[in-house]
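Heads up, the thing below is written out as structure tokens.
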């Protein structure tokens, strides 16, 4: 059984005139992908980011991504193994 879900991700697009060159990357915030469940919220955040920056070489957009979640597998049936006993370390003379 798979669970399908869609998220809207905010992307930053840099032009070739940017200091770092042309590129397109998802926006990260606090080490996490900036994504939303609804397109309206993603577009609102895109507009906020666009209005906040004075950088003419960066534009923000919204991209729909598909995520397919798979349930975890059942734990493999493993026979119980007796714990290994620690062997004493011989003392150096």
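The values are calculated or read from the model by the stated rules, or taken from the named source; none is laboratory data. Given the structure is predicted, the values throughout are model-derived calculations rather than measurements. Neighbour counts run over all protein chains shown; Cβ positions are idealised from the backbone, glycine included.
Structural remarks
- Positions within the range 1-18 being exposed (fewer than 10 other Cβ atoms within 10 Å of the Cβ) and touching a residue at least 12 places away in the same chain (Cβ under 8 Å), in sequence order: 1, 2, 3, 4, 17
Listed here are the residues, each with its yes/no results for (1) touching a strand residue (DSSP E or B) at 6+ places or on another chain (Cβ under 6 Å); (2) at pLDDT 80 or above.
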| residue | (1), (2) |
| --- | --- |
| 4 | yes, no |
| 24 | yes, yes |
| 48 | no, yes |
| 67 | yes, yes |
| 75 | no, no |
| 81 | no, no |
